[in-house]
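One structure below.
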Amino acid sequence: MVRLPFRDGFYELRPGKIICLGRNYAEHAKELGHEIPEEPVIFLKPPSSLIGPNRAIILPRKSKEIHHEVELAVIIGKRGKNISRAKAMEHVLGYTILMDITARDLQWEAKKKGLPWTVAKGFDTFAPVGPRIVDRRELDVNDLEIGLKVNGEIRQLSRTSRMIFKIPEILEYVSGIMTLEKGDIIATGTPAGVGPLRHGDKVEAWIEGIGTLEEDVIAEGSILC
Ligand code: MG
C-alpha cells in the first residue's frame, strides 16, 4: 500500500493490478527496434513492486542493466468491464507518475526466447509512484511535458500528446480483457531516452501539473541484512 496526497487528504493506493503499456510512444518503440503497434501492447507488474516517493529503487543482483522509464499513470476510480471509450473517463479517479523500472538485460533474454516479461518488470521497488494523485477533473493530460533526470541530467523529455493510444482507447482495450477495479493503476508507456541506473543515483521524474517523483537508487548487494 502506498499513501499519496489526494484532494484535501490522502488516498491509500492498493491496486489489485498494475497494467502497463509497452511501445506507446513511437520514438521509444523505435529506440528498442520495434514496429509501431496496431493495438496496445500490455503487461502486468505485481502490486508488490510498488513504492512511494522518496524511497529507494533496489537494483537486484540478477540483473546487470536496469533502466528507468517515466510514465503517466491512470488511477481507476470505478469498477468496469467492457468500458466504451466514450464512457472511459467516468472510471478514472486521477493521475500520478509511475516509473516502470525494467531489468533490460533480462527483458532482452526473455524476448529472444519468446518468454514473458514478468521477471524483467516484476522485482520489488520496480514501480515507484507519486508524488500525489491529481483529480482527473483538475488536469487535462492530453499534452503535458513528461521527463526524467538522473543526477540532475535530463535523460527523457517529451509530451503526453505523443502517446499512440490515448487514455479512453486504452481503458476500452484493457477492460475488454480484464475487469478494471477501484485502485487499479494503468501506466501509459514511456517516451524515448530510457537508460541505465546505477548505485547512488538520484532519479527525478516529472509531469507538468502533477509534480516530481524522486527516488534514490541502491544496489541490492550494498544493503546489509
Ligand atoms: Mg514502460
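The values are calculated or read from the model by the stated rules, or taken from the named source; none is laboratory data. Since the structure is predicted, the reported quantities are computational estimates derived from the model, not experimental observations. No Cβ is skipped: glycine too gets one built from the backbone with ideal geometry, and neighbour counts run over all protein chains shown.
Take the conditions away from the ligand (no atom under 14 Å from the Cβ), more than 17 Å from G22 (Cα to Cα) and either of a type outside the set (S, T, N, Q) or within 16 Å of the chain's Cα centre (by Cα) (or both) and apply them to D140. Does it pass? Talk me through it step by step, then tell me what you get.
Values: away from the ligand (no atom under 14 Å from the Cβ): yes; more than 17 Å from G22 (Cα to Cα): yes; either of a type outside the set (S, T, N, Q) or within 16 Å of the chain's Cα centre (by Cα) (or both): yes.
Yes: the conditions hold for D140.
Let me confirm something: among D216, D124, D140, which residue is surrounded by fewer than 16 Cβ atoms within 10 Å (Cβ to Cβ), modelled with pLDDT of 95 or more and assigned to a strand (DSSP E or B)?
Sole residue among the options that is surrounded by fewer than 16 Cβ atoms within 10 Å (Cβ to Cβ), modelled with pLDDT of 95 or more and assigned to a strand (DSSP E or B): D216.
Restricting the search to the stretch 67-104, which residues are more than 21 Å from T160 (Cα to Cα) and within 12 Å of the ligand (Cβ to nearest atom)?
Selection gives R104 alone.
When you check A205 against the structure, is it surrounded by 15 or more Cβ atoms within 10 Å (Cβ to Cβ), within 16 Å of the ligand (Cβ to nearest atom) and in a loop (DSSP other than H, G, I, E, B), yes or no?
Working: surrounded by 15 or more Cβ atoms within 10 Å (Cβ to Cβ): yes; within 16 Å of the ligand (Cβ to nearest atom): yes; in a loop (DSSP other than H, G, I, E, B): no.
No: the conditions fail for A205.
Residues checked against (1) under 30 Å from G9 (Cβ atoms); (2) crowded, with 16+ Cβ neighbours inside 10 Å; (3) polar (S, T, N, Q):
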site	(1), (2), (3)
A110	no, yes, no
I177	no, no, no
T188	yes, yes, yes
H199	no, no, no
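Being under 14 Å from D100 (Cα atoms), away from the ligand (no atom under 16 Å from the Cβ) and touching a residue at least 24 places away in the same chain (Cβ under 8 Å) narrows it down to one of G16, G52, so name that one. Steps first, answer last, please.
Details: G16 fails: under 14 Å from D100 (Cα atoms).
Answer to the selection: G52.
Among the numbered criteria (1) within 16 Å of the ligand (Cβ to nearest atom); (2) touching a His at 6+ places or on another chain (Cβ under 9 Å), which one does L44 miss?
(2)
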